[in-house]
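Q: Here it is, the structure in full.
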Amino acid sequence: MSLPTDPFLAADHRLVPSAGGRTGAPEDVVVLGRRRLVLARLRRNRAAMAALVVLVLLVVAAVLGPVTYRWITGWGYIGQDRTALLQPPSAEHWFGTTLIGVDVFAQTLRGLQKSLLIGFLAAVISTGLAAVVGAFAGYLGGWVDRGLMWLVDLLLVIPAFLVVAVLGRGLGEAGWPVLTLLIALFAWMITARIVRGTTLSLREREFVLAARFSGVSVPGIVFRHLIPNMSSLLIIDATITVATAIIAESGLSYFGFGVRPPDVSLGSMIAVGTPSAFTSPWLFMFAGGLLVLTTLAVSVLGDGLRDALDPGSTRRAGR
Amino acid sequence: MIRQEPTTSRAPEGTAPLFEVRDLTVAFVGESGPVPAVRGLSYALSRGEVLGIVGESGSGKSASALAVMGLLPSSATVSGSVRLRGEELLGLSDRRLARIRGSRIAMVFQDPLSALTPVHRIGDQVAEAVRIHQGVSAAAAHDRAVELLDAVGIPNAAQRARAYPHEFSGGMRQRVMIAMAIANDPDVLIADEPTTALDVTVQAQVLALLETARRMTGAATVVITHDLAVVAGIADRIVVMYAGKAVESGPVVPVYADPRMPYTIGLLGSVPRLDRPGRPLTPIEGAPPDLARLPQGCPFVSRCPVNVPVCRTIEPALEPVARSDRRAACHRRGEIAFGRIGGAPVFPLPEIASAREESPRDGRPAVLEVRQLVKRHPITTGVVLRRRIGTITAVDGISFDIREGEALGLVGESGCGKTTTVMQLLELAAPEEGRVSMLGRDIASLSRDGRKHLRREVQVVFQDPFASLDPRLPVGDIIAEPLRAFGVSLDRRHGRVRDLLDLVGLSAEHANRYPADLSGGQRQRIGIARALALEPRLLVLDEPVSALDVSIQAGVLNLLEHLKVHLGLAYLFVGHDLSVVRHVADRVAVMYAGRLVEVGDADEVFGHPTHPYTQALLSAVPIPEPGTERQRTRILLDGDLPDPADLPSGCRFRSRCPLFARLPPERRRRCSDVDPPLEPRSTGDHQSACHWARDNPILPAGAGRSRTGRSDTD
Amino acid sequence: MGRFLLRRLVHHLVLVFVAVTLAYVLASLALDPRSRYEGRNPPAPPAVIDAQLSEYGVNDEDPLPERYVHWMGGVLRGDFGTTVTGGSINDELWSRALVSLRLLVIGSVLGAAVGVLVGVVSAVKQHSFIDRLFTAVSFFFIATPVFFTAVLLKFGALQVNEAAGETVLFYTGYETPGLEAGFWGTVTDQVAHLILPTLSIALGLTALVSRYQRNAMLDVLNSDFLRTAQAKGLTRRQALYRHGLRTALIPMAPLLAYSFGTLVVGATFTEKIFGWHGMGEWVVDSITRDDINVTATVALFTAVFVLFAALLSDVLHAVLDPRVRVTA
């Protein structure tokens, strides 16, 4: 067949140097490496590039913003300006102030910082867990597989929100790492299933059989062959999990089960701002807008990554 | 162009062509600009005529067929002209074209599993083809569908019409595709690789059915295939495509006998032939050009052994060959005759290692001994709702051995248990029943360490060069992986990789490349290098060339031949392509439904097959020479392999056995009561499992490979 | 088939049992009902508090297994125990369950149906303006947390009501308390209350389903069997509707099972924000109030709901795809 339905396939079959026997390097054929092909494809996707720029700006703002803002205006997320209670945005307080005179801009940046940190960490942990569990379950099969998949089923049935809320309630101010872990703990199951499914087909692939028949150990096969060959799936999935985790964190914080005062999160800011949404919208609109902007950028980037890494795939579009 | 050729005997002289394709071009959207797939293809057909379009992957043969049907994605650009009885089809609206598709031009696709809608019943899908064009009631269409299914040889058609595609075998699905294609008596029938994924006996059935279909409908037929032997049997004329262009065309007999384009010569020279086992193969070096960056001049120039300077600058047109109705696209077509140019062969015969000294077989130690091996599988149904419904015996008590320096060919159709056998052997796990010993050691008695140690001695080369190399690792790491697993130091690994690359005919710089950067042939060489890394004594070759284009296949086969002689390796060569097995193997074991039915010296088994299944297999293999091919009579088998969960009593082959069908009842009883064991036949250690075995040479005379004949050609 | 579903049901029931047990144990360990009593003014004597807590089955001095067995025994008999203030859980459970189910069932059916429709249109008209629009809107709703969607909807409803000059869209409660307007009046009133909460959970589901459906449909658009259908003489559009649509629906079945879990969490936010007295609101309040029994009861309810969704998706899958059917 000569239909280049999948540009990758086309690359595999076409961009090959003059081959066969003892012929040396190709004369005039430029071989595009996979990485360059992916980057080129990503660069052509305008939405994904815009999302990437937005995301980079958000990270920069979250990291450098608080320091810079304090340097310019002198306000942090804790201090109170007793001369400006519940003030709309101004030059002094860019996003206005709260009922007790805390600077909303400084709070928003602090919240953004927390959200991004929790989001990225949870994504890394959850995707790593999913990859290891899914790959071992799929490759080993038998009772290991049955046991692990039972665990996955169980975690899917357990009301995650309820459990995290119950446990998260007891955490103090410094509880965000535990919160991150809990979020990650309930975010990996579906990915693990997909990884297991992919492993089931990969383990019958000849390069895996070849490794097994030449004496490579089980962990060797899992970490050297199986997981690297799912890297596009995992990258895409990690991206999507960043968004999921941020949403989960903000939801928990919205109900007061997540990040605790005096620390702030975008979710808790929205919760505080909602009752007076109609009279002083600056209290929650900036936080909400930034939250949506972050998750939107992450989702769009994830979608673009999938198109670039995995053209023609049918799996998931955002979660 | 070709349309000006005198038409063949099947059509009356002077009539306008029924179907005419002129200057067809197709281009797809590529990563960097349009990629041409078809670059000016022309042909014409009259009623009842059969045209074979032959080409390797990427030659544009399938794209041209889809373009004719208007089935290419809208992103593809198509130009030229396609006329059916003078009516132009290109540029018609989808609605108008739909009225022609299926009624006047019908198509049979490759891979009949994905080509049928999985969620609709077979009968409904056939009935739909009737209803679209004939405006009959649903009930009438259904009755007609059952009739059609019956006509294409679906047993129990009325009942099977209610089944879904996944409940049909590959051959049966292809019959359904043909039933749909002939439902409306088309004028033109296009078959795109109609037999590619099928076993050889099923291929013979489907080809016979296509011929019947052609006779029933009188349709002009286009058969698109990569298999020169298939075309030799059924086509009147042939078009050879390369890099999107026709490079040679004409009536089949003269084209096969005296090809003028070096590419055609190379193709014919690289196909192993069942009737000429000792003949060395001439590989075509290199790979087809990248269509997105076609070089100036002839696209074949970099692989052509007789190219001249003009070939690099001007692309030759498809022009008539002197005093004939044939055409070839080669600047030197006038100088070439019968595969030779200026007295020398266009493709020089490769240097093949001289035959090793033949010590008698009994004197050589056994590398692998298998006795009464049994392997069972659980059977499950459903995908989401899985459950176990029983056990099948995939391998049921087979015995064979392989001596040092010997190649055993294990042949059989898909589902016969040959892959299961190989996997069981490679696992080095104790068999459920029976005994396996490698290099004199019983596998069941091995410790964990002993098993790992034995891994060094038996290695494997797989079928698919695209799947057998990890795409994420550079070639050097892939080859070194077995060494790494056995704790060889990094330094020694590097040296060994260089040696191995050299051994399989690649250069050291390939070590830093990734598999994606290499061609199929190169990848398969890397697979071989990896298998040789631990210096094994036995190499298991699981269909090592069946995924390769023929022009590349020959080079790999020659390499395997070379390695066997130089390294004294023993091969277990698993294959379904009997021509390839014939070329490689010293001994052959034929497998059917989990049993060996015939074992022996290759010359004996191929020259004097005694089991009716071996005979049928051999007769089903087409030979790429029109003259020979058309005179052969085929032994056609009915149906498919029996359901392994429900095997016939007595002899497992009796449900399909042509001999059984002719036996008188009292003899038949023996077949249905007694399972025939392997018993010695005429000479040597030739054995077969048939109560009524008799020698029946299937291949054309002179096919036998005598010992003396062999050393001549080697 | 029936027998198989039964086995599946048993498997799920075991999971539900383990999940609820875990939820009960966790809630018992993490929640502290005693603190509610100790903090009272005037302080009650410890012995009285102990007796009270033991009576409700939430005394941390009593051994946990004993409390669990007591509670679970009650559940098996249909008695879910008492709330932390001594009220009967059974009294509240069914009215709250109905409120939640109304929201969940209407929301999921609506969300899934519209999602499929949007996805199909998007795929068939790939790269068109409508596809881009749907894609952008879907991404927005996938990226927006339900509680923010709800707040925005509330905000929007206020504007609508102001423009209309009367309350068209309600955003508190699921009915106007004490309304006497006859049958149709009541229905109209309830629908007016239903619109915003349902929208706020359905929009996210629609967005998600539409993305999956679009991908599944795109995959089908390139399939061989669609080409065969066209080769038989169907136009592309006919082939798409007769052969493509049903095949593209198949991957939606498992998705449905997974998305129900998310939906339940979404409903929690929705109920809380729109003041619906459903299960979601209950669980949030009960965690804040250290109410172990209610928390475990809601966990049970959620798990059972997810179980039904999983079974439904199995059945749906088998109905859509003959390849996964098991002939018994």
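The values are calculated or read from the model by the stated rules, or taken from the named source; none is laboratory data. The shown structure was predicted, so the numbers you read here are calculated from the model rather than taken from an experiment. Counting neighbours? That spans all protein chains shown, and the Cβs are built from the backbone with ideal geometry, glycine included.
Q: Right, B:Ala703: surrounded by 20 or more Cβ atoms within 10 Å (Cβ to Cβ), at negative phi and at pLDDT below 65 or not?
A: Answer is yes for this residue.
Q: Out of all the residues in the stretch A:111-122, which are surrounded by fewer than 24 Cβ atoms within 10 Å (Cβ to Cβ) and over 16 Å from A:Val56 (Cα atoms)? Lay out the reasoning, then the answer.
A: Filtering the stretch A:111-122 down to residues surrounded by fewer than 24 Cβ atoms within 10 Å (Cβ to Cβ) leaves A:113, A:116-117, A:120-121.
Across the stretch A:111-122, the qualifying residue is only A:Leu121.
Q: Here are the criteria: (1) assigned to a loop (DSSP other than H, G, I, E, B); (2) touching a Gly at 6+ places or on another chain (Cβ under 7 Å); (3) not aromatic (Phe, Trp, Tyr). Tell me which single one B:Ala292 does not satisfy.
A: Among (1) assigned to a loop (DSSP other than H, G, I, E, B); (2) touching a Gly at 6+ places or on another chain (Cβ under 7 Å); (3) not aromatic (Phe, Trp, Tyr), the lone unmet condition for B:Ala292 is (1).
Q: Only one of these is buried (at least 18 other Cβ atoms within 10 Å of the Cβ), over 23 Å from the mean Cα position of the chain (by Cα), assigned to a helix (DSSP H, G or I) and in contact (Cβ under 8 Å) with a residue 40 or more places away in the chain: B:Met180, B:Met172. Name it.
A: Residue meeting the stated conditions: B:Met180.
Q: For the stretch A:210-219, which residues satisfy the criterion of being within 7 Å of chain B (Cβ to nearest Cβ) and in a helix (DSSP H, G or I)?
A: Listed by number, the residues that qualify are A:Ala210, A:Ala211, A:Phe213.
Q: Suppose we keep only residues that are among the hydrophobic types (A, V, I, L, M, F, W, C) and over 31 Å from the mean Cα position of the chain (by Cα) within the stretch B:51-95. Which one would you say is nearest to B:Gly521 (Cα to Cα)?
A: B:Leu90
To keep it simple, each residue is scored yes or no on (1) surrounded by fewer than 17 Cβ atoms within 10 Å (Cβ to Cβ); (2) modelled with pLDDT of 90 or more.
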residue	(1), (2)
B:Leu71	no, no
B:Ser75	yes, no
B:Ser79	yes, yes
B:Val82	no, yes
B:Arg95	yes, no
B:Ile105	no, yes
B:Asp111	no, no
B:Pro118	no, no
B:Arg121	no, yes
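Q: Which of the residues belonging to the stretch C:222-240 are part of a helix (DSSP H, G or I) and more than 7 Å from chain B (Cβ to nearest Cβ)?
A: C:Leu226, C:Arg237, C:Gln238, C:Ala239, C:Leu240, listed by residue number.
Q: In the stretch A:252-310, which residues are within 7 Å of chain C (Cβ to nearest Cβ), closer than 23 Å to C:Leu208 by Cβ and not in a helix (DSSP H, G or I)?
A: The one that is within 7 Å of chain C (Cβ to nearest Cβ), closer than 23 Å to C:Leu208 by Cβ and not in a helix (DSSP H, G or I): A:Phe255.
Q: Taking the options C:Thr172, C:Thr176, C:Thr167, C:Thr206, name whichever one is in a helix (DSSP H, G or I), out of contact with any strand residue (DSSP E or B) (no Cβ under 9 Å at 6 or more places or on another chain) and of a type outside the set (A, V, I, L, M).
A: C:Thr206 is the lone residue from the list that is in a helix (DSSP H, G or I), out of contact with any strand residue (DSSP E or B) (no Cβ under 9 Å at 6 or more places or on another chain) and of a type outside the set (A, V, I, L, M).
Q: Still on this structure, please answer the following. Kindly indicate the residue of the stretch C:167-219 that is within 14 Å of chain A (Cβ to nearest Cβ) and hydroxyl-bearing (Ser, Thr, Tyr) and also surrounded by the fewest Cβ atoms within 10 Å (Cβ to Cβ) among those meeting that condition.
A: Ranking the qualifying residues of the stretch C:167-219, first place goes to C:Thr172.
Q: Does A:Asp145 meet the test of being within 13 Å of chain C (Cβ to nearest Cβ), of a type in the set (Asp, Glu) and assigned to a helix (DSSP H, G or I)?
A: No, not satisfied.
Q: Please enumerate the residues belonging to the stretch B:66-93 that are within 10 Å of chain C (Cβ to nearest Cβ) and over 17 Å from B:Ala37 (Cβ atoms).
A: Once the filter is applied, which keeps residues that are within 10 Å of chain C (Cβ to nearest Cβ) and over 17 Å from B:Ala37 (Cβ atoms), the stretch B:66-93 yields only B:Ser93.
Q: Do we find that A:Pro228 is within 14 Å of chain B (Cβ to nearest Cβ) and either in contact (Cβ under 8 Å) with a residue 12 or more places away in the chain or in contact with an Asp or Glu (Cβ under 9 Å, 6 or more places away or on another chain) (or both) in this structure?
A: yes
Q: For the list (1) in a loop (DSSP other than H, G, I, E, B); (2) farther than 18 Å from B:Ser62 by Cα, I need the number of the one condition that B:Ala208 fails.
A: Of the numbered conditions (1) in a loop (DSSP other than H, G, I, E, B); (2) farther than 18 Å from B:Ser62 by Cα, the odd one out for B:Ala208 is (1).
Q: Ok, one more. Yes or no: B:Leu541 more than 12 Å from chain A (Cβ to nearest Cβ), farther than 26 Å from B:Ser59 by Cα and of a type in the set (A, V, I, L, M, F, W, C)? Spell out the reasoning first.
A: On the way: more than 12 Å from chain A (Cβ to nearest Cβ): yes; farther than 26 Å from B:Ser59 by Cα: yes; of a type in the set (A, V, I, L, M, F, W, C): yes.
Yes; evaluated as a whole, the condition is true for this residue.
Q: Counting only residues that are more than 10 Å from every other protein chain (Cβ to nearest Cβ) and hydroxyl-bearing (Ser, Thr, Tyr), which one in the stretch C:241-280 is surrounded by the fewest Cβ atoms within 10 Å (Cβ to Cβ)?
A: This residue is C:Tyr241.
Q: Also, I was wondering about something else. For the stretch B:21-38, enumerate the residues that are surrounded by 21 or more Cβ atoms within 10 Å (Cβ to Cβ) and either of a type in the set (Ser, Thr, Tyr) or more than 11 Å from every other protein chain (Cβ to nearest Cβ) (or both).
A: B:Val21, B:Leu24
Quick grid of which residues meet (1) at negative phi; (2) at pLDDT 85 or above:
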| residue | (1), (2) |
| --- | --- |
| C:Gly78 | no, no |
| C:Asn90 | yes, no |
| C:Leu101 | yes, yes |
| C:Leu104 | yes, yes |
| C:Leu110 | yes, yes |
| C:Gly119 | yes, yes |
| C:Thr135 | yes, yes |
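Q: Let me ask something else about it. From B:Arg523, B:Arg484, B:Arg492, grab the single residue that is more than 28 Å from the chain's Cα centre (by Cα) and either among the acidic types (Asp, Glu) or within 11 Å of another protein chain (Cβ to nearest Cβ) (or both).
A: Among B:Arg523, B:Arg484, B:Arg492, only B:Arg484 is more than 28 Å from the chain's Cα centre (by Cα) and either among the acidic types (Asp, Glu) or within 11 Å of another protein chain (Cβ to nearest Cβ) (or both).
Q: Among the residues of the stretch A:151-189, how many are surrounded by fewer than 15 Cβ atoms within 10 Å (Cβ to Cβ) and either within 19 Å of C:Leu307 (Cβ to Cβ) or among the aromatic types (Phe, Trp, Tyr) (or both)?
A: Qualifying residue count, the stretch A:151-189: 1.
Q: Filtering the stretch B:497-507 down to residues that are more than 7 Å from chain A (Cβ to nearest Cβ) and crowded, with 20+ Cβ neighbours inside 10 Å, which residue is nearest to B:Leu557 (Cα to Cα)? Talk me through it step by step, then tell me what you get.
A: Initially, the stretch B:497-507 is screened for residues more than 7 Å from chain A (Cβ to nearest Cβ), giving B:497-504, B:506.
Keeping just the survivors that are crowded, with 20+ Cβ neighbours inside 10 Å gives B:497, B:500-501, B:504, B:506.
Values: B:Val497: 22, B:Leu500: 17, B:Leu501: 17, B:Val504: 12, B:Leu506: 15 Å.
Looking at the filtered set, the residue picked out is B:Val504.
Q: Of the residues B:Arg451, B:Arg435, which single one is charged (D, E, K, R), over 24 Å from B:Val581 (Cβ atoms) and in a helix (DSSP H, G or I)?
A: Just a single option satisfies the conditions, and that option is B:Arg451.
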